[in-house]
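The structure under discussion appears below in the form of structure tokens.
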Amino acid sequence: KTKYSKLVFRKSDTVPEELHQMVQEGFLTLRKHDCFFQDLVRIKGKDFVTPVSRILIGDPGCTYKYLNTRLFTVPWPTEGYDIKYCSPQIHDACKALIRLNDYLHIEAVKALQGQNLSEAKEIKDTAVIDREQNFATSLTKEESVSKDQSSCGVPEDDYISLKNRTSYNVTLLNYMDPLQMLYLKQEPYFGMGNMAVSWHHDENLVERSTVAVYSYSCEGSAMEENSEQQLKGRDPAVWHVGLKVAWDIETPGLAIPLHQGDFYLMLDDLNMTHQHCVLAGFSPRFSSTHRVADCSRGTLEYIFERCELALQNLQTDSDSPALSLKSLETTVVKQVEEIHNEVEFEWLRQFWFQGKRYLKCTDWWLKPIAKLEEFWRKMEIMTSLLLSEVRKQKQIEEQGNETISCILLVLTERQRLRKEWTAR
């Protein structure tokens, strides 16, 4: 209650049976069609293949970035979008996940509202006790109470903020069969056993947004918990989610068993104040982890706007076939070159690096990526126009110096990143 109050756990029997069935069939369909992939991620300058296989499903045009790897959503069926799936089964699987997404959204709103009510009640109770104590201590206590109030929960009337922090736009699906893994790391602080995923915070999320996780372990009868547990600690056959207070190994960690169809919510700022890990059981397991991804720089809409901003500096005169730049002002050309880098390294290379695999589900991304490539080609032309202008200026006078030193940084960075991506 004191250290993990923002974790909400729900057993599978609280979820409608029909939803369980749809979602679990969806998992198995995606697995059958080989739609789960290990990611090549980058940690401290080194590349690693994730032990867990994943696929991102969510709003069309949305991406999610973790450990320097951008995942592109397989879009779930969305009104107003023409999405062609490779098979009707994949369509049904994506539809099941949007149904689960809607369900978990409602559950998260209810949980947050419940938390706000209980917090409001606690604060009220504390205030009553305070009044009965002497004035000096009550004053300091009320100060600390009002501080608590601002740091926890949402003001009751702030329904919009509550909705925004629970409106999941993506789900990252995970699959792992522990028996196929030759080596799993041991949990280092509390002796919790084999870890499928090490201690971490989820990244690239809207601040204080809820994370909802639905778990489906393919338990056979042999995999059920040992009824006569001789074991100290957790049953190693059963999957668990582990939680700990961030940067603290004095406070006892928590390991919660996850059975077929259980789900849990990490409310409010729990993902920031705590770390979590996934402890492997014996059977294969799927999970659907619903998030409010921070898409401020991660949607197609965003990157198309950036491209259009850059291309405003390209003079395309209908009379003459020759292209030229409208402005050579340092701030303008620097911005253009930075957008050029963003399109190439945050989008095109990220997509083709491991993006072909999405074609197993849908070809939805091919058109927008082709459009981005078209923009990128124009930006390549803009860079060469800029360089030839700078060379001309250089011959006339030294005024090109400022422009040169400014764009040199961006071009050097481009060169460095091209080498790095070639190596990857």
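The values are calculated or read from the model by the stated rules, or taken from the named source; none is laboratory data. Just so we're clear, the structure is a prediction, and the values are computed from it rather than from any experiment. Positions of Cβ are generated from backbone atoms using ideal geometry, with glycine treated the same way; all protein chains shown enter the neighbour counts. The accessibility values were calculated without ligands, DNA or RNA, using every heavy atom of the protein model including side chains. Shrake-Rupley method; radii C 1.70, N 1.55, O 1.52, S 1.80 Å.
Checked against (1) of a type in the set (Val, Ile, Thr); (2) at pLDDT below 95; (3) in the same structural domain as PRO188 (by the TED database), THR273 passes all but a single condition, namely (2). Of all residues in the range 287-311, those satisfying the criterion of being over 17 Å from the mean Cα position of the chain (by Cα) and open to solvent by less than 10 Å² (accessible area, probe 1.4 Å) are ILE303, CYS307, ALA310. Only one of the numbered conditions (1) under 24 Å from the mean Cα position of the chain (by Cα); (2) in contact (Cβ under 8 Å) with a residue 12 or more places away in the chain is not met by LEU385, and that is (1).
Scanning the range 19-38 for residues that are buried (at least 19 other Cβ atoms within 10 Å of the Cβ), closer than 18 Å to GLU219 by Cα and hydrophobic (A, V, I, L, M, F, W, C) yields VAL23, PHE27. The lone criterion from (1) touching a helix residue (DSSP H, G or I) at 6+ places or on another chain (Cβ under 9 Å); (2) modelled with pLDDT of 95 or more; (3) assigned by the TED database to the domain that holds LYS110 left unmet by ASP268 is number (2). Quick check on my filter: what residues within the range 348-359 are assigned to a helix (DSSP H, G or I) and either crowded, with 18+ Cβ neighbours inside 10 Å or modelled with pLDDT of 95 or more (or both)? Those that are assigned to a helix (DSSP H, G or I) and either crowded, with 18+ Cβ neighbours inside 10 Å or modelled with pLDDT of 95 or more (or both): LEU348, ARG349, GLN350, PHE351, TYR358. Regarding the range 44-64, can at least one residue be identified that is at pLDDT below 95, of a type in the set (A, V, I, L, M) and buried (at least 17 other Cβ atoms within 10 Å of the Cβ)? Yes, the conditions are met somewhere in the range 44-64.
Counting only strands (runs of 3 or more DSSP E) wholly contained in the range 5-79, the ones carrying 2 or more residues that are more than 23 Å from THR210 (Cα to Cα) occupy 37-43, 46-58. Would you confirm whether any residue within the range 83-105 is within 23 Å of LEU243 (Cβ to Cβ), touching a residue at least 24 places away in the same chain (Cβ under 8 Å), in a loop (DSSP other than H, G, I, E, B) and open to solvent by less than 40 Å² (accessible area, probe 1.4 Å)? Looking for residues that are within 23 Å of LEU243 (Cβ to Cβ), touching a residue at least 24 places away in the same chain (Cβ under 8 Å), in a loop (DSSP other than H, G, I, E, B) and open to solvent by less than 40 Å² (accessible area, probe 1.4 Å), one finds none in the range 83-105, hence no.
For the range 360-405, a residue qualifies if it is of a type in the set (Lys, Arg) and either open to solvent by less than 40 Å² (accessible area, probe 1.4 Å) or modelled with pLDDT of 95 or more (or both), and the qualifying residues are LYS367, LYS371, ARG377, LYS378. Out of all the residues in the range 272-283, is one or more within 20 Å of LEU30 (Cβ to Cβ), surrounded by fewer than 21 Cβ atoms within 10 Å (Cβ to Cβ) and not hydrophobic (A, V, I, L, M, F, W, C)? Checked the range 272-283: at least one residue is within 20 Å of LEU30 (Cβ to Cβ), surrounded by fewer than 21 Cβ atoms within 10 Å (Cβ to Cβ) and not hydrophobic (A, V, I, L, M, F, W, C).
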